[in-house]
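Notes follow the structure.
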Amino acid sequence: MTQQSIYLDYAATTPVDPRVARSLIRYLTQRGQFGNPSSSTHAFGRNAARAVETARERVAALLGADTDEIIWTSGATEANNLALRGVMHAYARKGRHLITAKTEHKAVLDVCRQLEREGCTVTWLDPEPDGLFSLQQLAAVLRPDTVLVSLMHVNNETGVSQDLNTLGTLIHSHGALLHVDAAQSAGKLPLDLRILPVDLLSVSAHKLYGPKGIGALYARRRPTRVRLEPLLYGGGQERGLRAGTLPVHQIVAMGKACEIALAEMGIEQTRIRKWRDWLWHGLRDLEGVELNGHPKPEHHSPNILNLSFSGIAAEALLHALPEIALATGSACNSAHHEPSHVLRAMGHDLMRMRSAIRFSLGRFTTAEEIEYTIDAVAATVIRLRALSPMWEASPGGLKQHPEHPVDWAAPSNMV
Ligand SMILES: *Cc1c(COP(=O)(O)O)cnc(C)c1O
């Protein structure tokens, strides 16, 4: 294997699908559809506008939304900013209380911290050790002046997947709105906003085989319209909610990526889940391996596996495996070498946080890559532990004793 030849960091970003790349380049040059979709006086503009609307239909179809509920943004970060800031400013007369969780992505946490500085009150929920939120705890903090609750669907570090239906029903019964950061679940898990009690939802193209720099915010319009204060003012695009000339090539590409995801989700996720379960079953029998996630498969996304290898610093393991692209926590945390705020909020100890590795699989992951990864990680864990004073200090004491049995099915067919 050559350096960095195995990519297991799909939760950080995905490569653009070649079918998506082919659609993107048709909207750039003079021979393509390069027009400004706001130019309604000529065919160049009208053709570009049509391409944007087709893409909007595809994003809406993936989410079970109507086209007028989709607002283009530069990604999930901007969608989160627009949802949180947009709602808290538009509903300031109803109240200034907002609920979120300590396990959210920085693109929600930092917006909430800024809203606190601007006078909002934020309640920060802790999950249970399995990553789920307790309905009792949520019910206890909902107040008459709670405007919005923001909770992610699938956690980007652990893969824990929340039950949006029960959370949303509770939140609505208290008269508050629910925003969901679905950057990790859109295109991977079924989402149907016709049924789900969700008012706002953020998606990002580069997590689903589209390009970086494009995403969307879903904002419910029926039966009642969610009001939003824009972040950007200008040419009145997106019904005045997000000004700026639409990046047609990126929008078309996101539409194509969503169309492919909708058509192939079932087969693709079955395959990815099989490789992921194979990886888990290949590594779980090493001593001192702990799953950072939910033991039940229905509360865990099929593509993420976060494991702690007792006695080994995650950086040391990654350093010893340069041919496999893996992450310690999220891309944002690994840049700062901070222990994961997500694992900390789940109540895990420092050793478990410092030894956590995230494996995230995707469309182009192969059986051979998983086979190689199991062998290489297992051999490296054993070799590093032989050198580790932390491991020797507690002989046998680090063997895994999970509080809850992990009941992911053993993969039936390993190749
Ligand atoms: C990647 C990610 C984001 C940021 O999305 P961008 O499109 O890169 O801004 C936000 N939330 C979650 C959960 C993510 O995984």
- Sorted from largest down, give the three principal axis spans of the alpha carbons of the chain, whole angstrom values. 74, 55, 37
- Query: What residues have an amide H closer than 5 Å to that of Gly213, excluding those fewer than 5 places away on the same chain, when H is modeled at 1.01 Å from N in the peptide plane?
  - Reply: His206
- C-alpha long axis of helix 76-90 to longest principal axis of the chain, angle in °: 60 degrees
- Query: Counting Lys and Arg as +1 and Asp and Glu as -1, each charge on the Cβ, what is the dipole of the stretch 65-148 about the Cα centre in debye, to the nearest 20?
  - Reply: 440 debye
- Query: Taking H as built 1.01 Å from N, whose amide H comes closer than 5 Å to the amide H of Ala11, not counting residues under 5 places away?
  - Reply: Ser360
- Message: At 1.4 Å probe radius, can you tell me the per residue accessible area of the stretch 280-381 in Å²?
- Response: 33 Å²
- Rounded to the nearest 500, what is the 222 nm mean residue ellipticity of the chain from helices alone, with -39500 (n - 2.57) per DSSP H run of 4+ residues and division by all residues? -11500 deg cm²/dmol
- Message: Please report the carbon-and-sulfur percent of the accessible area for the chain; probe 1.4 Å, protein heavy atoms only, DNA, RNA and ligands left out.
- Response: 55 percent
- Averaged per residue, what accessible surface does the stretch 18-260 expose to a 1.4 Å probe, in Å²? 39 Å²
- Probe 1.4 Å, all protein chains in place: accessible area of Lys296 in Å², nearest 10? 80 Å²
- Picking from Leu232, Phe309, Leu98, whose Cα lies most toward the positive end of the charge dipole for the chain (charges on Cβ: Lys, Arg +1; Asp, Glu -1)? Leu232
- Item | Unit charges on C-beta of K, R, D, E only; dipole of the chain, Debye | 1500 debye
- For the stretch 230-244, Karplus-derived ³J(HN,Hα) couplings (6.51, -1.76, 1.60; θ = phi - 60°; whole Hz; x for glycine and proline) come out as x, 8, 10, 10, x, x, x, 5, 6, 6, x, 8, 7, 6, x
- Read phi for every residue in the stretch 103-108 and hand back ³J(HN,Hα) as whole Hz from Karplus 6.51 cos²θ - 1.76 cosθ + 1.60, θ = phi - 60°, with x for Gly and Pro. 8, 5, 5, 4, 6, 10
- Would you grab the residues whose amide H sits under 5 Å from the one on Leu125? Only those 5+ places off in sequence or on another chain, please, with H modelled 1.01 Å from N. Thr100, Ala101, Lys102
- Message: Nothing charged except the Cβ atoms of Lys and Arg (+1) and of Asp and Glu (-1): what's the magnitude of the dipole of the stretch 137-272 about its Cα centre? Round to the nearest 20 debye.
- Response: 360 debye
- Note on the structure: Evaluated at 25 °C and 0.890 mPa s, the Stokes-Einstein D of the stretch 18-260 based on the Kirkwood radius over Cα pairs, in µm²/s, stands at 134 µm²/s
- Looking only at Ala43, Ala219, Ala51, which one moves most when the chain is put into a Gaussian network model with springs between Cα atoms under 10 Å? Ala43
- Query: For the stretch 18-260, what's the relative contact order in percent, using C-alpha pairs closer than 8 Å and at least 6 residues apart?
  - Reply: 29 percent
- Item | Above-threshold pairs, the threshold being 18 Å between Cα atoms, out of Lys102/Lys207; Lys212/Lys274; Lys106/Lys256; Lys188/Lys274; Lys188/Lys256 | Lys102/Lys207; Lys212/Lys274; Lys106/Lys256
- Unit charges at the beta carbon, dipole of the chain: most positive-side option, Ile70, Val289, Leu318: Ile70
- Query: Which peptide among 203-214, 8-19, 27-38 comes first, and what is the full order, when sorted by highest mean count of other Cβ atoms within 10 Å?
  - Reply: 203-214, 8-19, 27-38
- Between rounded, prolate and oblate, where does the stretch 35-85 land on the alpha carbon gyration tensor, with a ≥ b ≥ c its root eigenvalues, rounded for a/c under 1.5, else prolate if a/b exceeds b/c? oblate
- Report ³J(HN,Hα) in whole Hz for each residue of the stretch 382-387, in order, from the Karplus equation J = 6.51 cos²θ - 1.76 cosθ + 1.60 where θ = phi - 60°; Gly and Pro get x. 5, 5, 5, 5, 4, 9
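The values are calculated or read from the model by the stated rules, or taken from the named source; none is laboratory data. Computed from a predicted structure; not experimentally measured. For neighbour counting, all protein chains shown are included, and Cβ atoms are generated from backbone atoms with ideal geometry for every residue, glycine included. Just the protein is used for accessible areas: all its heavy atoms, side chains included, with ligands, DNA and RNA removed. Shrake-Rupley method; radii C 1.70, N 1.55, O 1.52, S 1.80 Å.
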